[in-house]
1. For segment 86-176, which helices (runs of 4 or more DSSP H) that fit wholly inside it have 2 or more residues that are open to solvent by less than 70 Å² (accessible area, probe 1.4 Å), among the hydrophobic types (A, V, I, L, M, F, W, C) and at pLDDT 80 or above?
2. Return the total of residues in segment 1-25 being closer than 21 Å to residue 63 by Cα and either in a helix (DSSP H, G or I) or touching a Phe, Trp or Tyr at 6+ places or on another chain (Cβ under 9 Å) (or both).
3. From (1) more than 26 Å from residue 82 (Cβ to Cβ); (2) at pLDDT 90 or above; (3) surrounded by fewer than 11 Cβ atoms within 10 Å (Cβ to Cβ), pick out the condition that doesn't hold for residue 15.
4. Going through 58, 32, 54 one at a time, which residue ends up being in a helix (DSSP H, G or I), more than 15 Å from the chain's Cα centre (by Cα) and surrounded by 16 or more Cβ atoms within 10 Å (Cβ to Cβ)?
5. Report yes if residue 79 is open to solvent by less than 50 Å² (accessible area, probe 1.4 Å) and more than 24 Å from residue 171 (Cβ to Cβ), otherwise no.
6. Could you run through segment 61-78 and say how many residues are among the hydroxyl-bearing types (Ser, Thr, Tyr) and assigned to a helix (DSSP H, G or I)?
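The values are calculated or read from the model by the stated rules, or taken from the named source; none is laboratory data. Predicted model only: the values in this text are computed from it and were never measured. Ideal geometry is used to build each Cβ from the backbone, glycine not excepted, and the neighbour counts take in all protein chains shown. To get the accessible areas, we keep the full protein, side chains included, count just its heavy atoms, and leave off ligands, DNA and RNA. Shrake-Rupley method; radii C 1.70, N 1.55, O 1.52, S 1.80 Å.
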Amino acid sequence: MTQEELLPLILKKDDKAFTLLYDMYSKNLYGIIYNLIRNHEESEDVLQEVFVKIWKNIESYNESKGRFFTWILNIARNTAIDKLRSKGFNNTQKNLSADNFVHLLDDSNKLSNMIDTIGIQEFVKKLKPKCIKIINLLFFKGYTQQEASEELEIPLGTVKTQNRNCINDLRTFLQV
């Protein structure tokens, strides 16, 4: 079933459509969530939350504003970031054993390889150095624009403007 055939069924709240939606997008969304959270159980919980949000808020999707996949990807990314910032999640991370940190280096290499595998990294590398820094912080590391502003020691408005310009440059490379 194509996305165009699936959307009307989701809008009608067809039970089979939910299963198809999950089958079509769960692996991609889980990958995005896991790359931010780095915990399988928490990532699975967030994935469930994402699909509930998609199901409940499908009426807010507007085709003229962007692709459906982009819309659900943003829901997944934002939900994962919300989870990372939650007090409960942060408290569970405080008492991790040292063994857990050994895997962080491996995981960061895996993330780089995964990004490179889908080809995005090659396009990002073609951008200006300031764009590479901003996109890395905002999209791959999950920083807010305010956090990126503080990290890069530049005004928030500058981060917003440069982010918009960098995304437009990336769109040019991707011909989107």
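1. Working: elements: 87-94, 98-117, 120-125, 129-135, 145-152, 156-174.
Counting at least 2 such residues, we get 129-135, 145-152, 156-174.
2. Adding up the residues that qualify gives 17.
3. Single failed check for residue 15: (2).
4. 58
5. yes
6. So the answer is 2.
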